[in-house]
1. Given contacts defined as C-alpha pairs under 8 Å and at least six residues apart, what's the relative contact order of the chain, whole-number percent?
2. Using 0.36 nm times the number of residues separating ASP511 and LYS264, minus their current alpha carbon distance, what extension gain do you get?
3. Could you derive backbone 3J(HN,Hα) for region 120-129 from the dihedral phi with the Karplus parameters 6.51, -1.76 and 1.60 (θ = phi - 60°), listing whole Hz in sequence and x where the residue is Gly or Pro?
4. Which order do the peptides 259-268, 562-571, 384-393 take when ranked by the mean count of other beta-carbon atoms within 10 Å per residue, highest first?
5. Report, in whole Å, the centroid distance computed from the Cα atoms of region 269-296 and region 406-451.
6. Express the relative contact order of region 386-472 as a whole percentage, based on alpha carbon pairs under 8 Å and six or more residues apart in sequence.
7. Through the Karplus equation 6.51 cos²θ - 1.76 cosθ + 1.60, θ set to phi - 60°, convert the phi angles of region 195-207 into ³J(HN,Hα) values in whole Hz; use x for Gly and Pro.
8. If each of ASN424 and ARG80 carries a label point 7 Å out from its Cα toward its Cβ, how far apart are those two points in nm?
Amino acid sequence: MYQLSLFAPQPIDNAREWRKKFKFEFPWNKYQLNLFEEAERGISNIAVEAVAGSGKTSSIRGLIAALPTKSKIAVMAFNRHIADKLKNDPVIPRNRVRINTAHGFGYSLLRRFFQGYSLNLVENKYYQIAKEQATKIINLRSHYDYDQNLLPPDTVESDWICLPPFFNESDPQGRAEVKQFIRFIREVAQYAMKTLTPLNLDDLWRMIQYFAIEYPASENAIIWGIKGAIEAIDIGEQQARDTGRISYEEMLYLPCRWKLEPAKKDWIIIDEAQDASPAQIALYKSYVDQGAKIIYIGDRRQAIQGFAGSDAYSWQNLETTFKPKSLPLSVCYRCPSSHLLLARCIVSQIEAAPGADKGEVKIIAYDVLLNSVKPGELIICRLTEPLIKTCLKLIAAGTQATIRGRKIGENLTSLATKALGGVNWPSSFSINLHKYLAPQMQHLLEEGLEQEAELLNDRWESLTYLFKEFGAQCPTFEMFCQKIESLFSDTDTKGLAILSTIHRAKGDEADVVWLLGSNLLPFTYKCTQAWQEEQEINLTYVALTRAKKSLHLVPYSNQLSKQELDRLLFHPLGGLRLPEGNAVGKNASEIS
């Protein structure tokens, strides 16, 4: 199958020669050449709608060559890996092209503001501030009781917004509620900075509901938690001014809050724009307001980071803000034609590359997956628990495997720590896990937060399975946590079978991809917001466009009987549900 390499070896190894010959020395398609011609004209802002596997990074190389010779250009790469590749590319003129991530550009603005004063990135900065705020709020309860006993009711009512929350810290459940309260304050502060939400009670409550942030059961705790988050942001800002201690979110938030002006550029090029947060869009606008033209590249159907504070409708907001001319990159160089037949049900314009192989799409039983997966192959799933179960089974059978995402393991052990409360390992673990999580599940369901309930249930099932598999073998709880975290990795994956959530697999590819839980897609809830439904369809599209040769659809569910799962093996797509109106179901023979 014909593949467009993002960094194919070039006979040209310097920027000047590349600029002269780039259109003839590389197999560009008609969409890319049209994009370069539009950039050469330099009249409009440009939105590049690039399908999965369309060679976005190669196109950025071409764009830099196409823009006017003396243009000063800022390229905001999706991640550090892509940024470093572009920085080290000999055809990029380093004297006038700056390449970094959006956060890297924000960090540079802060360094210039502090005139070279050393900045210190503190990962847990807002956890520490939130912890201090929670302690302060909890201590206010005694002050409230004192005022209530001594002052007239009208005075108490005017002096206090409402009764401060009370937590029984002598009880394990009370201590767990304090930890949840701290987390609530921290998350509200972090989401507010990412989304540039106005710092008032009403707007922040709407933000909490929009992103389904887990909140305390008590209305008073919610109000005081939001108030604590507002104060936390102010404290964090002052710490940055006084000591240079900044958080990851503040790299983008503080330049916006302080209205810092970046160095003037003629052009800015944005990679993966569909997941831009409001804070990122504000950074882009600060360049455009100084006269820069913007070219942003992305795929609105790969917008899957809304849950993390990205703007679910950033593509539409970018269009409104910058009023660009829209151009397509519609050729996919990664996937075989049979895979694109499925993907086209979601993104109708995606095209196969000239000479693309047909590839294969197969419906595979779970037991076959366990006996067939090889190192270098990719197993993806919407949920975490099936990945954990599969990883342990593969390792037990002698197949070296790891789950991508060290943070997932850390989140599981953090949840286990809160549930156990530091007592009676291992005898009380399952009981305490139920006591800790059951009320939270009930609360989320009563509030109609089905998505949060499903995700919490996924973590619950993951911990239950892990404890069942090796909890009794661990003399201490610390060893149990270490063993959990050892299953997850972000590095050193060579020679291993890789398991990944679909969220983590964005940007990944492999010759053979196993879509575990094909019948779970798109993942739906009884109560959900429109943007969440759309992002679940987007996740399905991402899952369908990771494989370069073979895509195996593997039905899976803890809720279905073996007989029901066996029936899904005869479904044309292993239970996968695609948008109505497509012909895939009627012509299933075309995809195998």
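1. Numbers: 954 pairs, mean separation 102.1, N = 592.
Worked out over the chain, it gives 17 percent.
2. Stretched out fully, the ASP511 to LYS264 stretch lengthens by 84.6 nm.
3. Taking θ as phi minus 60°, the curve returns 10, 6, 10, 4, 9, 3, 7, 5, 5, 5 Hz for region 120-129.
4. Values: 259-268: 16.7, 562-571: 13.4, 384-393: 21.9.
Top of the packing list down: 384-393, 259-268, 562-571.
5. Centre-to-centre (Cα) distance: 40 Å.
6. On the way: 39 pairs, mean separation 22.6, N = 87.
Rounded, it is 26 percent for region 386-472.
7. Computed from phi, the couplings for region 195-207 are 9, 6, 5, x, 8, 9, 4, 5, 5, 5, 5, 5, 4 Hz.
8. 4.4
The numbers here are math on the coordinates, done by the rules we state, and not lab data. Here the structure is a predicted model, which is why all the values come from computation and not from measurement. No Cβ is skipped: glycine too gets one built from the backbone with ideal geometry, and neighbour counts run over all protein chains shown.
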